[in-house]
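Written out below as structure tokens is the structure these notes cover.
The values are calculated or read from the model by the stated rules, or taken from the named source; none is laboratory data. Just so you know, these numbers come straight off a predicted model, no measurement behind them. Protein only, heavy atoms only, side chains kept; ligands, DNA and RNA dropped before computing areas. Shrake-Rupley method; radii C 1.70, N 1.55, O 1.52, S 1.80 Å.
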Amino acid sequence: MMDWRQVRELFTIDPDLIHLNTAGLGSAPRPVLDVIGSADRVYARSPRDPFADTALTEVRESLAGGLGCQSDELAIVPSATDANARILAGLDLREGDEIITTDHECYTVRAPLCQLRDRRGVVLRELTPPVGAGQRAEEIVELVRSAITPRTRVLQWAGITLTTGAAFPTAELVDLARRHDLVAVLDGSQVLGHFPMRLRDLGVDFLSASGSRYQCGPMGTGLIYARNRPLPLPVFWPVVSLLYPLRDGLPPRPHDLGRMLQQSDSADLSRAQGLRIACELWDRIGRDRIQRHVLELSTHLKERIVGHWGRAALFSPMDDPRLHSGLVAFDPFRDSANLGVFVQLKRQLADEHGITVEITRFAHPGVRDELPAVRISPHLYNDVEQLDRAIETMIKLCP
């Protein structure tokens, strides 16, 4: 088993940089970087149809083994943004149908949702989830349950919100969807590489994922999971696909939906191989072990934040471990709504101290305007010493 020193040596991050924004972009390890562009050189010498190659099939088979699904349920796409757009555009929805979602979703989800609203007349029911150290899973489940109506067709939520880092109670929300015959769509952009996932066991119908955030694969990689068994399956119209049947409508299910979804105009086989290597490396390190490490870091962060700024400054869950993730959002300015001071702090941390964080904004129950927050999202290349340095620096800048 690799020790943490060996794991950190896999990464090429500048030693003078403390990267605490993995939720925005992770750092690809050396074995992943080694294959970038390799297939491009092969195809430049001998151009041919990349989809006729077995490479993508082999990548999907490798990923399926580690993610607990079948390869025909996976598609490799350029990003989580692409994955969300293909999933949501393919849902069989009509005017007046309702989608229950939240206003804490990533913009990569909210944009295609709004297109469904504007082009098809779909009704979006955007719920504002609880915020703060005391939030509990039961509150989220009840919030969603009470919003379901006879017109509801889809439940869509983030496995981990990029706003406050709340790990939504996916099992309970899937159970709600099943009991009400709803399509379950999960944004897993912050989950892949962060928590272990057995996709079939999750029970969702569709999942989008980023390959370049916590999974630390190459930029320009994402995943679609489309449940292909057991029956019954939701009606789904594959988009951005060269394999869409030109006669007789939708192909029968189950079939290789993953291949249909990913076959567009071209393919980046090098990045697909890089994603495979990243996933296999995570399997070797141990996905349960990775989750424990990240949660230990975030717990330390929360304790430091509460110890200096108080519980009211913390927007992320603290009391309910079921909602914990590696993302931590807080207000170091003691109840400030001035976005400008947050942006200035981010720049100062990066330019003067070599510390990268992100600023996020989100709706808060009972508050009219969105609240800004500092978001810290550590990963394998971080340790407690780096977190303490970041906190101590912010204490000096925002006492």
Problem - Estimated D of region 1-44 in µm² per second, where Rh is the Kirkwood radius over Cα pairs and Stokes-Einstein applies at 37 °C, 0.692 mPa s - result: 262 µm²/s
Practice task
Report, to the nearest whole %, how much of the accessible area of region 147-245 belongs to carbon and sulfur atoms, 1.4 Å probe, protein only.
Solution key: 61 percent
Handout entry: Rh by Kirkwood over Cα pairs, then Stokes-Einstein D for region 62-110 at 0.890 mPa s and 25 °C, µm²/s
Key = 187 µm²/s
Practice task
Against the globular-protein guess of 2.2 N^0.38 Å, express the Cα radius of gyration of region 353-395 as a ratio, rounded to two decimals.
Solution key: 1.46
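Tell me what the chain gives for mean residue ellipticity at 222 nm when only DSSP H runs of n ≥ 4 count, each as -39,500 (n - 2.57), the sum divided by the residue total, rounded to 500 deg cm²/dmol.
-11500 deg cm²/dmol
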Practice task
Over region 87-242, average the accessible area per residue using a 1.4 Å probe and give it in Å², no decimals.
Solution key: 36 Å²
Handout entry: In Å, descending, principal axis extents of the Cα set of the chain
Key = 67, 55, 36
Exercise for the section: Report Rg(Cα)/(2.2 N^0.38 Å) for region 115-189, keeping two decimals. Expected result: 1.12
Fill in the blank from the handout: Whole-Å distance linking the alpha carbon centroid of region 250-273 with that of region 346-372 is 37 Å
Problem - Sulfur and carbon atoms: percent of accessible area, region 1-110 [1.4 Å] - result: 51 percent
Handout entry: Proportion of all alpha-carbon pairs of region 1-155 beyond 25 Å (%)
Key = 57 percent
Problem - Cα coordinate range in region 153-300, projected on the principal axes (Å, largest first) - result: 57, 42, 26
Exercise for the section: Return, for the Cα atoms of region 309-399, the radius of gyration and Dmax in Å, separated by a comma. Expected result: 13.2, 38
